[in-house]
Amino acid sequence: MRTTVVSALALLLAFGVACSSDPKPAGEAPKPEAAVREPEKPKAAEYETGRTAFQKLYISARSFAADAKPYRLQSEYTEGAPSMDGKASLWRAQFASASRQRLKAYSWSGMPDGGVSAGSEDTYNPNNASTRVFEVPFLKVDSDKAFEVAQKNGGEKITKKNPGQPITYMLDFDSRGGRLVWHVIYGESPMKAQLRLLVDATTGQFVGLWREPNESAVTPAGGCYDRTVRWARAVTLFRFGFFQDGSFLARCFFRFFRQALESGFGVSRAWALGQDLQIALVVGTRLAHGT
């Protein structure tokens, strides 16, 4: 009797377990585990030529004033930028409105969180030569083409020595030559330029070395450049003829002046730098001779 009861209880327990289980229907595949999402890769920086970036900025500038016209476009160097392709990840354009007598700058950034942003407004004087506006149709040559022209006219010597040479670009109206020009600047900024060459932004022709305002044109050969060099040689020889070892001082001074001139400095700036060298040479020479 006891054996029968035990057997019955065992059967009841087995039946209860079987009824409480929830078997999967035949043919149903097991659910896959949730896929692990990979972290999103950071967005790469974008680089544009000057003309392409300018078009984006010009659209925004029309909201500032219907008659807004550009007077300068300039790139800013960033590490790793393909500046030898005429491109940059940051371009800044400045516009003027004659009706509102106001200036405003707009910037385009190719950084992941970039885009077009507006700067603050300022007063505008149409008679100021530094803010001379230009007509957009004159911009026919892009910054990449300007770089190619500059390379053929002296820039290649620098990039061969330093393949990673920073290059920046600026576009403005040359009131002395009456043309729109690209400044191809071999340096992180105009103040740090090893060389600064001008290219016509309408025709693509090489213009020459950059020169300071109110100075005669300085071109690689002939004309005013040769006259300036001859003048500098005569003046330096005359000045240093009064000093002991004067011919040596004259050669040093003249060589320095000519290199500064060929590097894109204006005549007055190159001469001012030479004056500093003159003082150092004269003092050094006198100290060496005990005078």
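Here, each number is a calculation from the coordinates, and none is a lab measurement. Note that the coordinates shown come from a computational prediction; the quantities given were computed from them, not determined experimentally. With ideal geometry, Cβ positions are generated from the backbone for all residues, glycine too; neighbour counts draw on all protein chains shown.
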Exercise. Return the subset of Lys56/Lys140; Lys87/Lys192; Lys56/Lys145; Lys104/Lys152; Lys87/Lys152; Lys43/Lys157 for which the Cα-Cα distance in this structure is over 24 Å, preserving the input order.
Key: Lys104/Lys152; Lys43/Lys157
Quiz item: How many nm separate the modelled label positions at Ser120 and Lys43, each set 7 Å beyond the Cα in the direction of the Cβ?
Solution: 2.8 nm
Quiz item: Which far-off residues, 5 or more places away or on another chain, put their amide H under 5 Å from the one on Met111, with H placed in the peptide plane?
Solution: Glu46
Quiz item: For Glu79 and Lys161 in one chain, what is 0.36 nm times their gap in residues minus the Cα-Cα distance, to one decimal in nm?
Solution: 27.7 nm
Quiz item: Of Tyr58, Val133, Ser109, which is farthest on the positive side of the dipole of region 48-209, counting Cα position, with +1 on Lys and Arg Cβ, -1 on Asp and Glu Cβ, and the Cα centre as origin?
Solution: Val133
